[in-house]
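J.: One structure follows; several queries about it will come next.
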Amino acid sequence: MARVEVTGDDSATQPSWFFGRLRHRERTGDQPPNLFQRMAGVLSTIESHFNSQQPSAVSRPRLSRPCLAKLGRIMENASALTPTQLEELSRNEKICKSRKAETEKVLAVCMRDERECNLEEAAKCYERAVQKYGKESNIGNEALCREAKVYSDIGWQSVSASNGFPVVKMAVPQPGTVEEGTKFIEKAAKMSEEAASVRPDNAVPHLTLALNYGRLAIQADNRTKVQLCNRVHEQAELATKLDPQDDFAHHALGRWNYEVANINQVVRVIVRHFYGGDISGSFENAIYHYEKAVKLNPKKLIHHFELAKSYVQVNQKKRAIKCMKKALTCQCEDINDQLGKLHCTEMLNKYTSKRRLGRLGQKVRLGQLGKKFRLRRKAGLDDLIPLVDAEPDVEI
């Protein structure tokens, strides 16, 4: 037990080691650790303690603890930031938010055409904005990126229709062939590269590049597909660093993790040894980034739907159904939301159909049938056939 020094003031209640630390800090000039440094130290101590224990043959297996190491690294990185750097980070976030608000106000007419799936008119509107404001300005660069996205959506409509996927019938123009769709996506990729070269400090061109590289990878050969997949990851991570509060940056990283996690183990080995691709994605990381995107922009339909798909992959179907229902309450902002709504409706019907109620659903319907039959017997009608004919929707 620590020795207590008795004096006439309030310091009598403090142990001796407390004053020893104070004298040491006064003599050396050290500052007390902040909260992030203390948490990092605690997590590293817990991790080293568990890693030092050897599980016995009769004891239960130890749980994996990669989250402790990851959280410890996050705490160390956060503690390494000085107050000046934190202030600069907060200032950059405010600048990004004001830039987005100003851009959306100027490009409201073009975004309305895109919301109505009139892609041809939306592309012309964005082109006029680029000519008016210039590619170097914030509004002009944003308009150039949105124009590239519109051309990419036009091409993706054609590719989806050729592969048998559902398309938006009210979209203008109507889907063409696969070759025409690929040309539109390649044109969009060149426009995105141009926008990124003019304004490399803007996150939007890198996001548009990640989108176009991902769509081109579907039509490419294996080696080109791996190279484009690596570019998607690089561009998405760069966009996240430039603007950590951009919901589409986290959506892009979530989509990359989801697609990579769907690759089976045999293909992963081939990709790692023959093509040198990055295959470190997982459904857990996809869920993390999708949840971050939902938190940053809860009104975006596609965020909720992609999060639901990731929940299905890890057998969390209740959460997936909740996300799908939430997605169907969101408004569609572009043609991608329209496509997401079609897929979401089909997927929700699959997991909430009456056939999945099983015996419970049959008991409920039979109980209703028996109640109506008893009422008819009291009225003197003992024949069950008219009852069944009168209720053609009864499922037995």
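J.: Please state which one of Gln265, Gln245 is open to solvent by 60 Å² or more (accessible area, probe 1.4 Å) and under 30 Å from Lys94 (Cα atoms).
T.: From the options Gln265, Gln245, the qualifying one is Gln245.
J.: Right, here's the next one. Mind listing just one residue for me: the one in the stretch 190-230 that is over 18 Å from the mean Cα position of the chain (by Cα) and of a type in the set (D, E, K, R) and, of those, surrounded by the most Cβ atoms within 10 Å (Cβ to Cβ)?
T.: Arg199
J.: Scan (1) farther than 20 Å from Met191 by Cβ; (2) open to solvent by 50 Å² or more (accessible area, probe 1.4 Å); (3) not in a helix (DSSP H, G or I) for the single condition Thr84 breaks and write down its number.
T.: So Thr84 meets the others, but not (3).
So that you can scan it fast, the table gives a plain yes or no per residue for (1) of a type in the set (Lys, Arg); (2) assigned to a helix (DSSP H, G or I); (3) crowded, with 20+ Cβ neighbours inside 10 Å; (4) more than 10 Å from the chain's Cα centre (by Cα):
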| position | (1), (2), (3), (4) |
| --- | --- |
| Ala293 | no, yes, yes, no |
| His303 | no, yes, yes, no |
| Arg319 | yes, yes, no, yes |
| Cys323 | no, yes, yes, yes |
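J.: Output the number of the condition that Gly134 fails; it satisfies all remaining conditions of (1) under 26 Å from Val198 (Cβ atoms); (2) open to solvent by less than 40 Å² (accessible area, probe 1.4 Å); (3) at pLDDT below 90.
T.: With (1) under 26 Å from Val198 (Cβ atoms); (2) open to solvent by less than 40 Å² (accessible area, probe 1.4 Å); (3) at pLDDT below 90 applied to Gly134, the lone miss is (3).
J.: Condition first: hydrophobic (A, V, I, L, M, F, W, C) and either outside any helix (DSSP H, G or I) or within 17 Å of Ala249 (Cβ to Cβ) (or both). Now tell me which residues in the stretch 190-224 satisfy that.
T.: Ala195, Ala196, Ala203, Val204, Leu207, Leu209, Ala210, Leu211, Ala220
J.: Could you tell me whether Leu339 is within 24 Å of Trp156 (Cα to Cα), modelled with pLDDT of 95 or more and crowded, with 16+ Cβ neighbours inside 10 Å?
T.: no
J.: Sticking with this one: Against the conditions (1) among the basic types (Lys, Arg); (2) modelled with pLDDT of 55 or more; (3) part of a helix (DSSP H, G or I), where does Lys299 fall short? Just the number, please.
T.: Of the numbered conditions (1) among the basic types (Lys, Arg); (2) modelled with pLDDT of 55 or more; (3) part of a helix (DSSP H, G or I), the odd one out for Lys299 is (3).
J.: Got at least one residue in the stretch 161-168 being of a type in the set (Val, Ile, Thr) and in a helix (DSSP H, G or I)?
T.: For the stretch 161-168, residues of a type in the set (Val, Ile, Thr) and in a helix (DSSP H, G or I): absent.
J.: Going through the stretch 111-145 one residue at a time, which ones are of a type in the set (Lys, Arg) and touching a residue at least 60 places away in the same chain (Cβ under 8 Å)?
T.: Arg115, Lys135
J.: Could you give me the residue pairs with C-beta distances under 6 Å whose first residue belongs to the stretch 244-267 and is free of Cβ contacts under 8 Å to residues at least 12 places away in the same chain and polar (S, T, N, Q), whose second residue is in a helix (DSSP H, G or I) and buried (at least 24 other Cβ atoms within 10 Å of the Cβ) wherever it lies, and which are 6+ apart or on separate chains?
T.: none
J.: Do you know which residues across the stretch 176-189 are of a type outside the set (Asp, Glu) and either open to solvent by less than 40 Å² (accessible area, probe 1.4 Å) or assigned to a helix (DSSP H, G or I) (or both)?
T.: Hits for the stretch 176-189 are Gly176, Val178, Gly181, Thr182, Lys183, Phe184, Ile185, Lys187, Ala188, Ala189.
J.: In the stretch 196-243, what count of residues is obtained for those that are farther than 25 Å from Leu86 by Cβ, without any contact (Cβ under 8 Å) to a residue 40 or more places away in the chain and among the hydroxyl-bearing types (Ser, Thr, Tyr)?
T.: Residues flagged as farther than 25 Å from Leu86 by Cβ, without any contact (Cβ under 8 Å) to a residue 40 or more places away in the chain and among the hydroxyl-bearing types (Ser, Thr, Tyr) within the stretch 196-243 amount to 3.
The values are calculated or read from the model by the stated rules, or taken from the named source; none is laboratory data. This is a predicted model, so every value here is computed, not measured. Every residue, glycine among them, receives a Cβ derived from its backbone with ideal geometry; neighbour counts consider all protein chains shown. Only protein heavy atoms, including side chains, enter the accessible area calculation; ligands, DNA and RNA are left aside. Shrake-Rupley method; radii C 1.70, N 1.55, O 1.52, S 1.80 Å.
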